[in-house]
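Please treat every number below as a calculation from the coordinates, not as lab data. Values in this document were obtained by computation on a predicted structure and should not be read as measured data. Positions of Cβ are backbone-derived with ideal geometry, glycine not excepted, and every protein chain shown enters the neighbour counts.
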Protein chains: 2
Amino acid sequence: MNIGQAAAQAGLHAKTIRYYEDIGLILPAARGANGYRDYGVEDLHVLRFVQRARGLGFSVRDCRDLLSLYHDRNRASADVKALAEQRIASIEVKVAELRSLAATLSHLVERCAGDDRPDCPILDDFAEAHHA
Amino acid sequence: MNIGQAAAQAGLHAKTIRYYEDIGLILPAARGANGYRDYGVEDLHVLRFVQRARGLGFSVRDCRDLLSLYHDRNRASADVKALAEQRIASIEVKVAELRSLAATLSHLVERCAGDDRPDCPILDDFAEAHHA
DNA sequence: CTTGACCTTCCAGCGGCTGGAAGCTCAATA
DNA sequence: TATTGAGCTTCCAGCCGCTGGAAGGTCAAG
């Protein structure tokens, strides 16, 4: 299977797969007589694995760790679980940050008349606020 | 006031201020006889403005628009409000995405024994799932 | 036998900084 | 006065995770 098909099956761009190979996230694919990369069923598992993990927000660094657990027949599922829990925790941190930003903006928006006059508490806040 | 002091007052790094000048987000600062950038009170307002807007998650592109409204004596506060509302909306989209990721991960984590055995529904899902 | 889609490599750029090198100036100290 | 050391200047490179484009080889269909 050529890279284009593999990409389609895995939900990735061909370019992305080459990039992953480049940075050593995945092993170099086998090559056909014409020099084209050739992907088999297990390669597809790996590619899907990466696209799924990336899609769930794991960094490429995390994906390296996850892949090495995936390949390790003697892994402990606890290690995988720990990575997933870390990921959940960092998502929750991010969500909290974003909600706080949204709340701040909402307060400002509420106080802004939103008409054709120039007076604007949002701009005033931006320019004048001293935020610790 | 030199760039270091201005940076401290505005809550930015000196490097960041030079960068903002470089990309034309802020106007080039006045220069002293020694060639050092020299910042005054109004410059500080602008710098704080940018750090506050960036801190609230506005992109540099957004900051350009916000700054031009800030400088426009004939602005309509409605335009500012609209930008802020857009920003809130995009935060909410992001939060929803993240919560969905966390939920998916939580389901997987729940099903993982998290012991010293290799069997792991998380890894299984990653490698085998066909997610539309 | 040509078209056009696919494949290959390599290099450049996105956003938004951040770090480092090399060389100024300036204020304080020995 | 001579010298630190901090702070300023410029410029170039790198971070992440791709993505786009150029220049070229290969393949299947018409």
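As a check on your grasp of the helix formula, calculate [θ] at 222 nm for chain A: sum -39500 (n - 2.57) over DSSP H runs of n ≥ 4, divide by the residue count, round to the nearest 500.
Numbers: 6 runs with 87 residues, N = 132.
After summing the helix terms and dividing by the residues of chain A, the value is -21500 deg cm²/dmol.
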Report summary line: Computed for chain B: size of charge dipole around the Cα centre, +1 on C-beta of each Lys and Arg, -1 on C-beta of each Asp and Glu, debye to nearest 20, value 900 debye
Requested in this report: Using the Cα centre as the reference, give the magnitude of the dipole from point charges on the C-beta atoms of the protein assembly as shown (Lys, Arg: +1; Asp, Glu: -1; all else neutral), rounded to the nearest 20 debye.
Outcome: 520 debye
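Just how many pairs of Lys in the protein assembly as shown have C-alpha atoms closer than 28 Å, counting pairs that are eight or more places apart or on different chains?
Counting lysine pairs in the protein assembly as shown gives 7.
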Query raised in the report: What's the local net charge at A:GLU21, with K and R +1, D and E -1, over the other residues with C-beta under 14 Å away?
Result: +2
Report task. Name the most mobile residue of B:GLU42, B:GLU21, B:GLU110, meaning the one with the largest mean-square fluctuation, in a Gaussian network model of chain B with Cα contacts below 10 Å. Result -> B:GLU110
Report task. Compute the separation of the alpha-carbon centres of region B:1-36 and region B:100-125 and state it in Å as a whole number. Result -> 49 Å
Report summary line: The base-10 log of I(q)/I(0) that the Debye equation returns for region A:76-132 at q = 0.31 Å⁻¹, one scatterer per C-alpha, is -1.14
Query raised in the report: Could you work out Rg/(2.2 N^0.38 Å) for chain B, with Rg from alpha carbons only?
Result: 1.65
Report summary line: Scaled by the rule-of-thumb 2.2 N^0.38 Å, the alpha carbon Rg for region B:1-75 gives a ratio of 1.07
Query raised in the report: Which value, in Å³ per residue, describes the convex hull spanned by the Cα atoms of the protein assembly as shown?
Result: 192 Å³
